[in-house]
Every structure is written in C-alpha cells, then in structure tokens.
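Have a look at the structure below before the remarks.
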C-alpha cells in the first residue's frame with residue numbers, strides 16, 4: 001500500500017502576524033462603499049498641425065453624464081519593460097463593474113499579443129461572474145504584472161476619490 | 001460584502017458576511033501584503049530573492065519562509081519532481097505554493113474572528129468555508145478551456161475547501177478537434193489551497209500523463225478537461241448539472 005502524504009500546511013504565522021497588526025486606513029474598494037453620483041470628464045487631445053490658421057485649443061473637454069452610482073476612473077500610466085500600460089475601471093456604487101486596458105505595449109508584436117491575449121482573462125478574473133448561479137470562477141489566467149500594477153494604482157485612485 | 005485587491009501579481013478577493021468588521025478584512029490584506037514582501041521574486045530585497053542569490057542562509061530566514069520551503073520540498077518529493085521551486089526564471093520560486101498557502105493562513109485570521117462562512121479568491125484559485133449567503137454549497141464555475149472569457153465548462157458544488165485550476169487557454173485560429181484528448185485544464189480540490197495549487201501545477205506539467213502520485217493525497221479530488229471540454233473527474237467532486 002502506498003504511503004499517504006499527510007502534509008501539515010498551516011503554521012499559524014498569520015495569527016501571530018494579525019495579533020501584532022494595527023489597521024491602517026486601507027482604502028479598500030468594497031460593495032458597501034456609497035459612491036456619490038459623479039460625472040466623468042473625458043479629454044481629447046488635438047495635435048497641433050503646421051498651419052497658418054489659428055490653432056484650436058490643445059485640449060477640449062466634454063462632460064458626459066453617467067447613471068447614478070457610476071464612476072469611471074482612468075488609472076495612471078505604468079511604464080514597464082515592454083511599454084506603457086494603463087487601465088480604466090468603472091465603478092457602480094464602489095463595486096468594479098468593468099475594467100478596460102486603455103493603453104498597452106505596442107512596441108513589439110509579441111508584447112502586443114501578450115497584452116491582447118491577457119485582457120479578457122484578467123478582466124473576467126477581476127470582475128468575477130455576477131450571475132446568481134455562480135459564486136466564483138476557478139481557472140488560470142494569463143497574468144500581466146504591468147496590468148496588475150496599473151489596476152492596483154487605479155483602485156488606489158478610486159479609493160482616494162471616494163474619500164472626497 | 002467583498003473586498004478586492006491586486007497582490008502577488010494577481011487579484012485577491014475576500015467575501016465575508018455583511019456586517020463583518022473592517023478590522024478582520026484589513027488584517028487579512030495586511031497578512032497577504034506581508035507574505036508578498038517576503039516571497040516576491042520581483043523584489044530583489046525579499047527574503048526569497050536573497051536566499052535565491054545565496055545572500056541569506058536558509059536557516060536565517062523568517063520562520064514562515066522556512067516553513068514554506070520545507071512544505072515545498074515535501075511536495076517536490078511527493079510529486080516525483082513535477083512540482084518544483086528551482087529551475088525557473090528565478091533561482092528559487094515557491095510562488096506555486098505560496099499563493100495558496102497564504103490563503104490557507106488567511107482563513108485562520110477570518111475563523112479566529114468567529115466567521116465561519118467566507119470565501120477567499122486568489123487569481124483563479126479559491127478557498128471557501130461554511131455556506132454562501134444564498135444556499136448551502138458554494139457554486140464554483142470552472143472556465144471552459146476553449147472559451148475561457150465567456151463559457152464555463154462545469155460548475156462544482158463545494159461544501160468547503162480549496163479549488164485550484166491550472167490550465168492553458170487557446171484563442172484565435174484553433175482548429176476544432178486538433179487537441180482532442182489532450183488535457184488542457186486541471187482542477188484539484190481538497191482541504192488545503194497550497195497543496196491543491198501545487199498538485200494542479202504538477203499534474204498539468206506533464207499533461208496528466210502520470211497520476212499515480214495522487215494516491216498519496218486521498219483527500220484531494222481531480223477534474224480534467226480536454227480542449228473541447230470533455231470532462232473526467234474523481235468521485236470527490238460534485239458537479240451541478
């Protein structure tokens with residue numbers, strides 16, 4: 001008969017850690033977060049052309065009203081080896097309902113392919129299924145470190161703006 | 001209530017009953033950040049990177065690092081070397097076990113706060129306990145290997161425990177049938193997420209060619225999917241039709 005492998009995994013290190021822990025302000029985005037109504041401002045950049053006529057203002061802003069409880073937050077650009085990564089998250093009363101990679105590395109085809117392949121999986125992973133029939137989805141994802149870092153910083157921005 | 005954070009190069013989410021104190025959730029994330037700092041192979045100053053470079057003797061490492069490396073050695077032996085912590089891009093990389101183990105440990109924090117019904121999600125792997133808010137079993141979807149962003153291959157009914165999946169997903173010009181019979185998704189269930197994750201990785205590494213070593217893990221269930229979604233599973237695993 002084969003020897004069974006009774007691994008004792010738990011060390012209790014987490015409990016020892018937690019007993020020393022004092023909670024800082026975290027800014028965790030949770031479903032309970034009561035986000036106020038907000039409008040989003042999109043920015044359109046117009047590149048200055050070589051022309052004698054007066055240039056249009058370099059930036060025009062348009063305000064788009066959003067449904068109550070919805071906020072869209074554009075994260076900072078994160079520079080990684082392969083280029084810039086930027087995500088935009090949509091919040092509905094503080095819950096992330098959509099994540100879009102608005103900027104991804106295009107410097108080489110391989111990087112672009114990785115970014116494009118990873119996006120739907122990462123998005124599905126971060127969003128989870130909100131179907132009434134399923135609680136959680138299990139499945140490996142092609143994780144992009146740059147995407148995660150950008151997402152982390154965007155969530156931090158979201159938490160700061162929720163505090164206001 | 002839920003709290004989501006990017007950590008360890010993936011996304012973590014804690015689901016606890018409404019009314020759970022913020023302190024408990026904060027403790028969980030503080031613990032996970034602590035683990036990330038010790039074990040990150042991206043950070044050159046982490047304990048694991050310093051051991052990998054030979055700058056820190058293993059015996060001088062923090063106790064939880066010693067604990068993890070000992071468990072990894074056991075798993076490497078038990079899986080006949082299919083689970084490995086050396087030989088990758090980083091000289092020493094136990095992240096195939098650390099992510100799940102950090103969740104096993106985080107569950108102690110949640111339980112010690114008197115919470116019996118909760119789930120912790122870590123980048124496609126899950127540890128759930130007790131009951132969900134709307135029923136008696138957690139319902140865990142398993143991604144379809146061919147349409148991972150849209151479809152589920154199956155749904156598991158889990159009374160409590162770990163679900164870890166290791167998989168390769170294909171998109172684009174896939175010719176149907178070209179990968180029939182090839183295992184592309186391995187899900188392992190059982191009491192510990194660290195062990196389940198390591199076993200899923202080990203089984204996936206050789207396309208589920210050799211499963212004999214699973215006899216040594218009688219508490220762990222196995223679900224294999226081919227590219228077309230054809231499923232094989234052990235009786236441990238209960239699916240919802």
Whole-angstrom Cα spans of chain B along principal axes, big to small: 51, 46, 36
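Rank the residues B:32, B:211 as a footprinting-exposure proxy: fewest other Cβ atoms within 10 Å of their Cβ go first.
By the 10 Å Cβ count, ascending: B:211, B:32.
Answer rounded, prolate or oblate for the range B:39-170, using the Cα gyration tensor with square roots of eigenvalues a ≥ b ≥ c: rounded when a/c is under 1.5, else prolate when a/b is larger than b/c, else oblate.
Working: a/c = 2.50, a/b = 1.52, b/c = 1.64.
Oblate, since a/c reaches 1.5 and b/c is not below a/b.
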Suppose a student asked you for the relative contact order of chain B, using Cα pairs under 8 Å spaced at least 6 residues apart; what percent would you report? 17
When B:58, B:143 are ordered from fewest to most other Cβ atoms inside 10 Å of their Cβ, what list results? B:58, B:143
Simple spin-label model, 7 Å along Cα-to-Cβ: residue B:209 to residue B:136 in nm? 4.4
Springs between alpha-carbon pairs under 10 angstrom, Gaussian network model over chain B: which of B:75, B:193, B:127 fluctuates most? B:75
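Assuming R0 = 25 Å, what is the FRET efficiency of residue B:45 and residue B:86, from their Cβ-Cβ distance, to the nearest 0.05?
Values: r = 20 Å, r/R0 = 0.81.
Efficiency, rounded to the nearest 0.05: 0.80.
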Residue B:57-residue B:116 FRET efficiency (beta carbon distance; Förster radius 51 Å; 0.05 resolution): 0.80
Going from the fewest other Cβ atoms within 10 Å to the most, one would list B:128, B:72 as B:72, B:128
Placing one identical point scatterer on every Cα of the range B:1-114 and ignoring solvent, what is log10 I(q)/I(0) from the Debye formula at q = 0.11, 0.14 Å⁻¹? -0.40, -0.62
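All of the numbers you see were taken from the coordinates with simple rules; none came from a lab. Just so it is clear, the model here is predicted, and its values are computed rather than measured. Virtual Cβ from ideal backbone geometry, glycine too; neighbours counted across all protein chains shown.
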